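The values are calculated or read from the model by the stated rules, or taken from the named source; none is laboratory data. These figures come from a predicted structure and were not determined experimentally. Positions of Cβ are backbone-derived with ideal geometry, glycine not excepted, and every protein chain shown enters the neighbour counts.
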């Protein structure tokens, strides 16, 4: 079996081999080593011979360094990053680690401004082992969908709002669309959500739903949501079958039709009591 190397930009499970003044040295199966600075060391748990899970990136001098902190996005993933500094040769964004992530000028589709946020992909320069981010994400999408199927659960990042709804990045690999007539909650660019594949288009793009496929799956999810929200609000809320659709959408994130169906199921299963002006948990 081939020895495993330390992977820049990813999580690595490494063995503690030396305890030194600046921190612990961790080693991969092919004997590559990386420093875990003292600020991340948990003395009781990290002793020589133990295995630790760390994220590896490069420090300001381009040396590999390990951390137990997780960045907002790892290599090959996307995030919604805030610009914290700007130079003539590129920008720097906060990605949750002490060293900011560099966005070269050549990887910007527009001039970045400090304080603004952008959807970026984390990439690796294989010549230098330096991580960087790019705004030019189109070339990284895959349109090979043979391994996908309808109703499959996926995770998505909201990319942009359009007249049709929202463009989304699905599982850090595919382009998708979330149509506005199926959205019953507030969404904004950079939000992350769980979703379900509704349709796989001939062009390799995906139509995504926020709700699982099938009436029973949706109904079970809706009743759980309504019960949870009622419980959070003291066990009773001023809602009925006649409540306004906008109020239902704002509180429950459901259409009025789905809300009424779930309400009926809860009443029939004797989980809630409906009065003339409220519903309460039994």
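So residue 61 clears everything in (1) under 30 Å from residue 118 (Cα atoms); (2) touching a strand residue (DSSP E or B) at 6+ places or on another chain (Cβ under 9 Å); (3) surrounded by fewer than 12 Cβ atoms within 10 Å (Cβ to Cβ) except one condition, right? Which one?
(2)
Check whether at least one residue in segment 145-166 is without any contact (Cβ under 8 Å) to a residue 24 or more places away in the chain and surrounded by 16 or more Cβ atoms within 10 Å (Cβ to Cβ), and report yes or no.
Within segment 145-166, the subset without any contact (Cβ under 8 Å) to a residue 24 or more places away in the chain is 146-147, 162-166.
Restricting the remaining residues to those that are surrounded by 16 or more Cβ atoms within 10 Å (Cβ to Cβ) gives 165-166.
Within segment 145-166, one or more residues are without any contact (Cβ under 8 Å) to a residue 24 or more places away in the chain and surrounded by 16 or more Cβ atoms within 10 Å (Cβ to Cβ).
Considering only residues that are without any contact (Cβ under 8 Å) to a residue 40 or more places away in the chain and in a strand (DSSP E or B), look in segment 122-144 and name the one that is farthest from residue 196 (Cα to Cα).
Ranking the qualifying residues of segment 122-144, first place goes to 125.
Of the conditions (1) within 25 Å of residue 72 (Cα to Cα); (2) surrounded by 15 or more Cβ atoms within 10 Å (Cβ to Cβ), residue 138 fails just one. Which one is it?
Of everything listed in (1) within 25 Å of residue 72 (Cα to Cα); (2) surrounded by 15 or more Cβ atoms within 10 Å (Cβ to Cβ), residue 138 misses just condition (2).
Yes or no: residue 96 in contact (Cβ under 8 Å) with a residue 24 or more places away in the chain, in contact with a helix residue (DSSP H, G or I) (Cβ under 9 Å, 6 or more places away or on another chain) and in a loop (DSSP other than H, G, I, E, B)?
Details: in contact (Cβ under 8 Å) with a residue 24 or more places away in the chain: yes; in contact with a helix residue (DSSP H, G or I) (Cβ under 9 Å, 6 or more places away or on another chain): no; in a loop (DSSP other than H, G, I, E, B): yes.
No.
Report whether or not residue 223 is in contact with a helix residue (DSSP H, G or I) (Cβ under 7 Å, 6 or more places away or on another chain), in a helix (DSSP H, G or I) and either farther than 19 Å from residue 179 by Cβ or at pLDDT 90 or above (or both).
yes
Do you know which of the residues in segment 27-58 that are in contact with a strand residue (DSSP E or B) (Cβ under 7 Å, 6 or more places away or on another chain) and within 14 Å of residue 129 (Cβ to Cβ) is surrounded by the fewest Cβ atoms within 10 Å (Cβ to Cβ)?
Start the filter on segment 27-58 by keeping residues that are in contact with a strand residue (DSSP E or B) (Cβ under 7 Å, 6 or more places away or on another chain), which leaves 27-28, 33-38, 40-41, 46-58.
Those left that are additionally within 14 Å of residue 129 (Cβ to Cβ): 34, 56-58.
Working: 34: 20, 56: 24, 57: 25, 58: 16.
Filtering first and then ranking leaves 58.
So which of 56, 17 ends up being touching a residue at least 24 places away in the same chain (Cβ under 8 Å) and over 28 Å from the mean Cα position of the chain (by Cα)? Steps first, please.
Working: 56 fails: over 28 Å from the mean Cα position of the chain (by Cα).
So the residue among 56, 17 that is touching a residue at least 24 places away in the same chain (Cβ under 8 Å) and over 28 Å from the mean Cα position of the chain (by Cα) is 17.
Looking only at residues in segment 200-232 that are farther than 21 Å from residue 261 by Cα and surrounded by 12 or more Cβ atoms within 10 Å (Cβ to Cβ), which one is farthest from the chain's Cα centre (by Cα)?
Filtering segment 200-232 for residues that are farther than 21 Å from residue 261 by Cα and surrounded by 12 or more Cβ atoms within 10 Å (Cβ to Cβ), the one farthest from the chain's Cα centre (by Cα) comes out as 201.
Please tell me if residue 243 is over 20 Å from residue 137 (Cα atoms), surrounded by 14 or more Cβ atoms within 10 Å (Cβ to Cβ) and not assigned by TED's automatic domain parsing to the domain that holds residue 116.
Numbers: over 20 Å from residue 137 (Cα atoms): yes; surrounded by 14 or more Cβ atoms within 10 Å (Cβ to Cβ): yes; not assigned by TED's automatic domain parsing to the domain that holds residue 116: yes.
In short, yes.
Yes/no per residue for (1) touching a helix residue (DSSP H, G or I) at 6+ places or on another chain (Cβ under 7 Å); (2) under 25 Å from residue 33 (Cα atoms); (3) at pLDDT 95 or above:
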site	(1), (2), (3)
45	no, yes, no
48	no, yes, no
56	no, yes, yes
75	no, yes, yes
82	no, no, yes
103	no, no, yes
111	no, no, no
119	no, no, yes
124	no, yes, yes
